[in-house]
């Protein structure tokens, strides 16, 4: 029974995503980002039908497990763009470090101004890291791993939706700037958005997501421990 339930939710999720992607292709507006609209529709559907999250995850778990292979597959554009990555290594490092610093500083300012309890602060601060690392950081620093994962997904959706609009307003059009911006700020979902621009943007977004996650994993637990 559980197998059929899981298959049903996998099918429903895929069909909703395909439909939302079709709408996004026809009307390429930020609010129609397929990740955001699919997530919203699935949440509304679960609430209306009173289906629990645990029941949905009988199928959702399998989709979640595909995240690992999807990230590994990003090595393909990295390999093809390796010459440009080496060529722009200094601007890449500068953009990467500035993105990580800004992400950490703005996060700490927010939790201090909002006067959040330490358990919520430790869950909020890893918002700019990929979900597995954010959950691990939250667990190590006294936060709530599941809440950290939800905040990561939320920040990724907002970054993918409004990041391109902001970059357009600021005149950021070079593939290096687009890739690093989306990779640092919106991690996996941002990298998926970068792939819409081209292979170059996807490559720089992928390496920015990976290296920023590594830096966050090293620095953030120590910073949370001393500052909170």
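Data for the structure
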| quantity | calculated |
| --- | --- |
| Top of 69, 126, 34 by mean-square fluctuation, Gaussian network on the chain, Cα under 10 Å | 69 |
| Longest to shortest principal axis, alpha-carbon extents of region 36-122, angstrom | 53, 40, 21 |
| Footprinting exposure proxy for 7, 124, 158, 27 (fewest neighbouring C-beta atoms within 10 Å first) | 27, 7, 158, 124 |
| Over the chain: helical MRE at 222 nm, DSSP H runs n ≥ 4 each giving -39500 (n - 2.57), nearest 500 | -28000 deg cm²/dmol |
| Under the Debye formula (equal points on every Cα, no solvent term), log10 I(q)/I(0) of the chain at q = 0.10, 0.12, 0.15 Å⁻¹ | -0.49, -0.70, -1.07 |
| Separation of alpha-carbon centers, region 177-228 and region 48-116, rounded to whole Å | 5 |
| Per-selection Rg to Rh, region 130-228 - Cα, Kirkwood hydrodynamic radius | 1.03 |
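Laboratory data are not the source of any read-out in this text; all were calculated from the coordinates shown. Predicted model, so just to flag it, every value in this text is computed and none were measured. A quick note on method: Cβ atoms are made from the backbone with ideal geometry, for glycine too, and the neighbour counts reach across all protein chains shown.
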